[in-house]
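What follows is one structure encoded as structure tokens, with my remarks underneath.
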Amino acid sequence: MGSLQEMIQNQGDLVRKLKSAKADAAQIQKEVSKLLELKTQLSDENVGSKKHLLKTPKGTRDYNPEQMALRLSVMDKIVSIFKKHGAESIDTPIFELKDVLTGKYGEDSKLIYDLKDQGGEILALRYDLTVPFARYLAMNKITNIKRYHIAKVYRRDNPAMTKGRYREFCQCDFDIAGQYDPMLPDSECLRIIYETLKSLDLESFNIKVNHRCLLDGIFAACGVPQEKFRNICSSVDKLDKTPWEEVRKEMTGEKELKESVADRIGTYVSQNGGKNLIEELRKNEELMKQPSAVQGLDAMELLWKYCELYQISDKVTFDLSLARGLDYYTGVIFEAVLTGDNVGVGSIAGGGRYDNLVGMFDVKNRNVPCVGMSLGIERIFSVLEMSIANRGKKTRTTEVEVYVATAQKNLHEERIRILTELWEANIKAEQSYKKNPKLLVQLQHCEDHGIPLAIIIGEGELKRGEVTLRTVKSREETTVPRENLVEELKNRISSLELSAEY
């Protein structure tokens, strides 16, 4: 071991000398490769001499059966809403060529996970589902699609897992691509956020909206140099979790903005409201000199009209502090936050219009206008898990409707006959894998797992051509003719309110 460490030290010294001497690049790369091989050998020796550390990587987690049951039930509700609005689904690789992702996320580009050279291709794990979607549209020359995509994305972030912030997490995206009349697709995205949160019983929420053109107009009216618009936008984006004093300090210090300009920005980004705020801003003569501000306010007025028609305006707030730091947004931007008891959770949905992203991948720079939204599904799961725990409820981990139990020994073959009959009828059923389990153990299994019905077989019932049907929750039992069992079960199951919780 000592000699290998010495070899690594000597090889490292050689590489440093070559770099200092500005030696030939090919020679430096050759010696670097040798150094990496030696380090790999050392790593392999260390692994062989130690037990494996059993933990998930930082910023990731396992999901137990209860958590997965909740996730799948939530996903089913979300997908049903996406489909209700006419969306179709696609999928893309979890990694892309690094060039596809580079330069699309502003300051967040530093969070992209790079991969090693793979056969001459420089790759990176996807950061979100939007940029891969734009690449998909350009590559396949698609100009119209309404799609949803549910998949994992990766960010080299400092995780705060208690707040639903991970390095590997799932995104649920809905996007409308195509040339359409203003704000019709945009307002439908807000309606979908509204429907989704209502369907998940997250009644206390607020959807904040703003417009990138209006922000640009504000920056221009305040005296921000145009080349700093995106940079200052990323600072404003931090206002949902950082006090204005700190954001101002970043603008004037790190980003070298004049203090007077930062103060003027502060008077704007402190404002929020409804339709009345649009009217107030139109009275601002300095702002109305900026064509982009006029364009943004016209768009917001139309958006508000459609929100009223979609009956969601009571959940929408026009908020000038909303910026969304990603560089690709070009028009309306929005973000949903929980209020009330869950006020500290942060954003649980967001999105906006990005009309120029597809053109970045097209050799002729042909753009496909797009607008979309993404649900912060991990944060939603955290809130729902907490809610279930606070109510003292459990999540069902299976969908078993009927348990086939026996009251005496050596009746396992009859259990198998009944199970086969139930499965043929598409009834979800199971049994014990012991030949002669105790009846109390079987019934306790039903209660522990939220199984609503149990069939109990005994020798006397078999002779009479009957079985006992037990409602697990109430413990009521009735006798059912064996020949009518499937029909009776189907009637019972259809009348049950089967919930994911019990």
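Of the residues making up the stretch 163-194, those that are surrounded by fewer than 17 Cβ atoms within 10 Å (Cβ to Cβ) and either free of Cβ contacts under 8 Å to residues at least 12 places away in the same chain or assigned to a helix (DSSP H, G or I) (or both) are 163, 181, 184. Taking (1) within 28 Å of residue 176 (Cα to Cα); (2) surrounded by fewer than 23 Cβ atoms within 10 Å (Cβ to Cβ) in turn, residue 395 satisfies each apart from (1).
Okay, residues lined up against (1) surrounded by 13 or more Cβ atoms within 10 Å (Cβ to Cβ); (2) under 27 Å from residue 391 (Cα atoms); (3) free of Cβ contacts under 8 Å to residues at least 60 places away in the same chain:
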position: 445; (1), (2), (3): yes, yes, yes
position: 449; (1), (2), (3): yes, yes, yes
position: 461; (1), (2), (3): yes, no, yes
position: 486; (1), (2), (3): yes, no, no
position: 497; (1), (2), (3): no, yes, yes
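Which of (1) part of a loop (DSSP other than H, G, I, E, B); (2) of a type outside the set (D, E, K, R); (3) surrounded by fewer than 21 Cβ atoms within 10 Å (Cβ to Cβ) does residue 368 not meet, given it meets every other one? Every condition holds for residue 368 apart from (3).
Candidates in the stretch 392-407 are the residues that are of a type in the set (S, T, N, Q) and within 22 Å of residue 489 (Cβ to Cβ); of these, the one that is modelled with the highest pLDDT is 406.
For the stretch 410-450, the set of residues classified as over 24 Å from residue 394 (Cα atoms) and under 38 Å from the mean Cα position of the chain (by Cα) consists of 422, 423, 424, 425, 426, listed by residue number. For the stretch 378-389, the condition holds for at least one residue, the condition being that it is under 30 Å from residue 130 (Cβ atoms), under 33 Å from the mean Cα position of the chain (by Cα) and exposed (fewer than 14 other Cβ atoms within 10 Å of the Cβ). Being crowded, with 17+ Cβ neighbours inside 10 Å, among the aromatic types (Phe, Trp, Tyr), in contact with a Leu (Cβ under 8 Å, 6 or more places away or on another chain) and in a helix (DSSP H, G or I), is that true of even one residue in the stretch 304-325? Within the stretch 304-325, one or more residues are crowded, with 17+ Cβ neighbours inside 10 Å, among the aromatic types (Phe, Trp, Tyr), in contact with a Leu (Cβ under 8 Å, 6 or more places away or on another chain) and in a helix (DSSP H, G or I). For the stretch 196-210, the count of residues that are of a type in the set (A, V, I, L, M, F, W, C) and without any contact (Cβ under 8 Å) to a residue 60 or more places away in the chain is zero.
Screening 127, 148 for residues that are part of a loop (DSSP other than H, G, I, E, B) and in contact with a strand residue (DSSP E or B) (Cβ under 9 Å, 6 or more places away or on another chain) leaves exactly one candidate, 127.
On the stretch given as the stretch 70-129, residues that are surrounded by fewer than 19 Cβ atoms within 10 Å (Cβ to Cβ), among the hydroxyl-bearing types (Ser, Thr, Tyr) and closer than 22 Å to residue 176 by Cβ total 3. Give the stretch 262-303 a look and list any residue that's outside any helix (DSSP H, G or I), within 23 Å of residue 235 (Cα to Cα) and within 31 Å of the chain's Cα centre (by Cα), or say none. Those that are outside any helix (DSSP H, G or I), within 23 Å of residue 235 (Cα to Cα) and within 31 Å of the chain's Cα centre (by Cα): 270, 271, 272, 273. Residues that are among the aliphatic types (A, V, I, L, M) and surrounded by 12 or more Cβ atoms within 10 Å (Cβ to Cβ) within the stretch 422-440 comprise 422, 425, 427, 429, 439, listed in sequence order. Look through the stretch 326-345, keep the residues that are part of a loop (DSSP other than H, G, I, E, B) and of a type in the set (S, T, N, Q), and return whichever of them is nearest to residue 213 (Cα to Cα). Of everything passing the filter in the stretch 326-345, 330 is nearest to residue 213 (Cα to Cα). For the residues 286, 259, the requirement of being more than 28 Å from residue 188 (Cβ to Cβ), of a type outside the set (Val, Ile, Thr) and in contact (Cβ under 8 Å) with a residue 60 or more places away in the chain singles out 286. Looking at the structure I just gave you, is residue 277 modelled with pLDDT of 90 or more, of a type in the set (A, V, I, L, M) and surrounded by 20 or more Cβ atoms within 10 Å (Cβ to Cβ)? Against the criterion (modelled with pLDDT of 90 or more, of a type in the set (A, V, I, L, M) and surrounded by 20 or more Cβ atoms within 10 Å (Cβ to Cβ)), residue 277 does not qualify. Checked against the criterion of being over 16 Å from residue 84 (Cβ atoms), at pLDDT 95 or above and of a type in the set (Phe, Trp, Tyr), the candidates 166, 180 yield just one match: 180. Would you call residue 348 in contact with a strand residue (DSSP E or B) (Cβ under 9 Å, 6 or more places away or on another chain), β-branched (Val, Ile, Thr), more than 29 Å from residue 388 (Cα to Cα) and part of a strand (DSSP E or B)? No, not satisfied. Yes or no: the stretch 300-322 includes at least one residue that is within 25 Å of residue 104 (Cα to Cα), small (Gly, Ala, Ser) and in contact with a Gly (Cβ under 7 Å, 6 or more places away or on another chain). No - not one qualifying residue is present in the stretch 300-322. One residue stands out in the stretch 351-388 among those that are free of Cβ contacts under 8 Å to residues at least 40 places away in the same chain and in contact with a Ser or Thr (Cβ under 6 Å, 6 or more places away or on another chain): the one that is nearest to residue 296 (Cα to Cα), namely 355.
Just to verify a result, which residue in the stretch 63-111, among those that are of a type in the set (S, T, N, Q) and assigned to a loop (DSSP other than H, G, I, E, B), is modelled with the lowest pLDDT? Result: 102. In the stretch 422-440, the residues that are without any contact (Cβ under 8 Å) to a residue 60 or more places away in the chain and more than 15 Å from residue 470 (Cβ to Cβ) reach residues that are in a loop (DSSP other than H, G, I, E, B) and of a type in the set (D, E, K, R) with C-beta atoms within less than 7 angstrom, at least six apart or across chains, in these pairs: 428/399; 428/401; 436/409.
The values are calculated or read from the model by the stated rules, or taken from the named source; none is laboratory data. Nothing here was measured: the structure is a model prediction, and the numbers come from that model. FYI the Cβ positions are ideal-geometry reconstructions off the backbone, even for glycines, and counts take in every protein chain you see.
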